[in-house]
Each structure stands twice: as structure tokens, then as C-alpha cells.
Amino acid sequence: MTLASVSATIAANGLGTPQALDLPPAFVGCCSSGTVATPSLVSNATQLVADYGYGPLCEAVAKQLALGGGPVVVCKATSQTAGALTGLTGGETAAPSPSGATPMTCAVTGTPRDAYDVKVKVTRAGATLAAVTAMVRISLDGGTTYGAETPVPSSGAIVIPNTGVTITFDDDTASLALYADNIYSFGSTPPLFDAAGLAIALAALAAERTTLDHEFVHVVGPINATTYATVETSHDALIAASLPRWFLTEARDQSSGESVATWVGILQGADPGFLGLSANLVAVCPAYSTQTSELMGTTWRRATARLLTPRFATIPVGQHPGRVRTGAIQGIVTQHHDFASSALSSLDARGFLGVQSIQGREGYYATDRTSAAIGSDFTQIMRVRVMCFAARVAIAEATNYVNETVRTVTGGTIDPVDADAFDAQMTSKLNAEVVTPGYASAVSVTVNRTDVITTTSTLRFQVRLRPLGYATTITLDLGFSVTLGS
């Protein structure tokens, strides 16, 4: 005997199947709290901080909750590489210290929970720590925004809230002082998963089929060629399991002092770049923008993908994420990578997702490119989303036929009367959930009429939809005429 089952395959080059978002996004990445590879549903920022603490994962989720709503699925990955402190400039002065004066030294300790560009500005002087007269203000974004004044205690130690970092001033037995307007600077790198840790977290998400089901997975933190392969492995396994989900990923930022041309060349090159890599249901976004933090009260440079997820979560699956009438992408303070610029336009052709400016409009609008190979039906993210949803609709409808009695004709093939009825039922369902809402233009469903079902016990449906078109290029023919209206 054979166990009952329903499975589906995706036709990669025949223009396949579609519908719309009724599932939340899922997020996977590094954070300071929570249990690794244990997904949960998060509805608000208070719950997010209580369950997962702080860090890149939490920042991305908080941005989704603020701009796109919730609940969302959250899964922590192991931080294989811990956040690290980078350089300290003691007594970097915004205003000169008194002649001959030597400012106090400052030591920095701890394990950073995210990437910070810290400036500690002395706002009130202190001759000694014991005097407890000194005050500082702390910035996490390189001096763009500063927090409230903080007293410097006699111990000299100040814990920077929610960062995992402590700064400690030392007056060297009262021979040094803190001088007003002096600034102490240092930075940090964020924690990051490796391929093994990411694979475990993605496997935990892949196992979720009921209350924690989700439309797509946002991998928070830059991936490279190695971790792209990890994502692709999960992508392939989900398709094989008849549960296609798509993936939104981030790539590394342009380094300080690195030219745009060099950065683009690395992205388009081999490992750690993405040359020769492709997957139908994966999008890689290398763009970065200045954004506000929903958890830390600061403004900093982060992956633009964290602003694209709320857009995907709030539009129908068949809609272009850069549809002008829907509006510009929310949350961008400053966009550092505009795909409309000549220096970056090649990224679209090479299979990267991003944002672009549009002449005559304010703000930035999403592009639509996935990392699917040229010639695939899935080079546009809208078709990816539509296909993933349609697979769910079709499989759910197909379960109605599991262990169904099927009449046969001579030779053991399905009776055309039953085949016609099954065609009509499946077509009606897909029309109602895909075509009528406007996610595809038409649908065709055909039961295979040549299979000897008395032997195979397999009922095969072919589902095809005619996709929507997208007016991504507009041309105008302008001129004068003396014959108008004649």
C-alpha cells in the first residue's frame, strides 16, 4: 500500500503559478538574547526586546513592526563571530584642552551587540573623578545624534545602555582631568553567523508549517558566496518539500574609504562576491541607507533591505514593490546607494535588488531584480512572490482529491467526465484567489488524461497562469502639431 500525499513541482521556464500575501515575513539573524534556532511569533517591540534583546536581528524586526506591522516570525542564529570593538581615540578634541593639559584616558570593554560609531563628548568638566562634576553625552551614530547628559561616577565607569559596551575613565591618581568639549571616539563591528549557524536556523524555520508559517525569510546580516550557498540549500529543500518560500538577503556595505567602483566590482566578482550564483527564489540587496533605529533612539547606516521587508509585507504579492502610486520606500533618511546612478546601474543587470530615484519624484523606489539567472521566469520579485503563493493555493485545493474515487475508462485512464469536473473545480479556486484579485491575467488547469491511474494511483494536474505585465519603462513622444482636433 502507498501513503496518501500531495506534491508539486515548479516549471522554471514556462511561466508558472501565482497569488497574494496573507502570511508574515520571518527574520533570522544575530541578537543578544533568546534561544538559537527556536522560532517564535513576535507582535510588538516590548515583546521583541524581552525575548531577543538587542542586535541586528532585533533592529530589523523592530523596523518591520513599526512600518509594516506584525506579528512576525523571529529566529535567532548563533553568533559565530562576536561583535568586536574597533580602535579608541582618547581625547580627540572638538575644542582644544587648556594649554599643557592632558585629558583622562578612556578604556572600552564588553562585547558589542551591533555596529556602533561611538562618540563620547564631555559636556561638563571634571578635575578628578572623585569630584563627580563631569558629565558626558554619548552618540552611537558618529555624532549625528547624542543622548542626554550622563554623570561620570567616581569609578569612571559608564555602561552604554543596551549595547554590551562599558567605557571607563581613568584620572591616573588625579593627575589628569576631563575637559569640556573633548570627544572620545571608537567603533564596533556587529555579531555575525557562519554557514553552519545559518543552516541550523533556516532548518528550524523550514520545519514551521502551521502557526509560524511565513511567506518569506529575511536573512539579517551580510551574506557572501559561502552563506549564499547555505540559503540556496534551504531554498531548494523547501521547493522539494512542496513549500516554496523566497528569501530576502543582505550583502556587505561599502567600506570606509572604499570607492563605489571597487565595492561594485567585489559584489559582482567571485567569492566573497556573487559571480555565477543564482537561485530562482532568492533576492540579494547590497544597498545601504541611513535610517532611524526603533530601539536605540539613534540614526545610523543600515541595509536598505530592512526597509524593503515592510514594503513587501504591506502590498499584494502581484504588485511591483517600486510602484510609484504606492509611494516611495518609507524610512530612508539618506540613501547611499541609488541604482539609478551610472556607477551602480550594473548591479541590476547582475541580479541585485535595490532602490532607485525616479526623475520627477521625491524619494526612492524599489527595483525588482532577483538573483535568478537571465532567462528564468523568476527574475522579477513579483513573479517569485506570486508563484510561491500560488503553490500554496494549488496544494491546498489538491488535498480535496486525496484518496478520492476516480472513475476510469478502457485502459485504466481517468474518465473524461471526472477529469473535466476536476479541471473546473481547480480552475475556479485559482481564479477566485489569483485571477480575480488581480495577481495574474488568466489561469488554466488540466488533469492528465493519459496516466493509467488504476496502476499509478497518481492524479497529475498541470497549472499554468498568464502573468501580469509591468510598465517599468515609459517613453513619451512629445512635439507640436497644427492639426490637433481636426
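Out of all the residues in region 355-378, is one or more part of a helix (DSSP H, G or I) and either buried (at least 18 other Cβ atoms within 10 Å of the Cβ) or over 17 Å from the mean Cα position of the chain (by Cα) (or both)?
no
Tell me the residue from 78, 109, 93, 105 that is in contact with a strand residue (DSSP E or B) (Cβ under 8 Å, 6 or more places away or on another chain), surrounded by 15 or more Cβ atoms within 10 Å (Cβ to Cβ), at pLDDT below 95 and of a type in the set (S, T, N, Q), please.
105
Taking region 441-463 only, how many residues are charged (D, E, K, R) and in contact with a helix residue (DSSP H, G or I) (Cβ under 6 Å, 6 or more places away or on another chain)?
Result for region 441-463: 1.
Of the residues 278, 256, 234, 289, which single one is more than 17 Å from residue 344 (Cβ to Cβ) and touching a residue at least 40 places away in the same chain (Cβ under 8 Å)? Full working, then the answer.
Values: 256 fails: touching a residue at least 40 places away in the same chain (Cβ under 8 Å); 234 fails: touching a residue at least 40 places away in the same chain (Cβ under 8 Å); 289 fails: more than 17 Å from residue 344 (Cβ to Cβ).
Within the list 278, 256, 234, 289, the selection yields 278.
Restricting to region 394-443, name every residue that is touching a Lys or Arg at 6+ places or on another chain (Cβ under 7 Å), farther than 26 Å from residue 316 by Cα and of a type in the set (Asp, Glu).
415, 418
Report yes if some residue within region 260-280 is within 20 Å of residue 25 (Cα to Cα) and not polar (S, T, N, Q); otherwise report no.
yes
Looking at (1) in contact (Cβ under 8 Å) with a residue 12 or more places away in the chain; (2) farther than 23 Å from residue 72 by Cα, which is the one condition that is false for residue 296?
(2)
Do we find a residue being over 21 Å from residue 315 (Cβ atoms) and among the hydroxyl-bearing types (Ser, Thr, Tyr) anywhere in region 379-393?
No, region 379-393 has no match at all.
Under 6 Å between Cβ atoms, which residue pairs at least 6 apart in sequence (or on different chains) link something in region 427-439 that is closer than 23 Å to residue 321 by Cα with a partner that is crowded, with 18+ Cβ neighbours inside 10 Å and not hydrophobic (A, V, I, L, M, F, W, C)?
433/19; 434/18; 434/19; 439/18; 439/19; 439/318
Yes or no: region 125-138 includes at least one residue that is open to solvent by 70 Å² or more (accessible area, probe 1.4 Å) and within 34 Å of the chain's Cα centre (by Cα).
yes
With (1) on the phi < 0 side of the Ramachandran plot; (2) not in a helix (DSSP H, G or I) as the list, and residue 47 as the residue in question, which single condition is left unmet?
If we test residue 47 against (1) on the phi < 0 side of the Ramachandran plot; (2) not in a helix (DSSP H, G or I), just (2) comes out false.
The values are calculated or read from the model by the stated rules, or taken from the named source; none is laboratory data. None of the values given here were measured: they were computed from a predicted structure. So basically every Cβ, Gly included, is an ideal-geometry build from the backbone, and we count neighbours across all protein chains shown. These area figures cover heavy atoms from the full protein model, side chains too; ligands, DNA and RNA do not enter into them. Shrake-Rupley method; radii C 1.70, N 1.55, O 1.52, S 1.80 Å.
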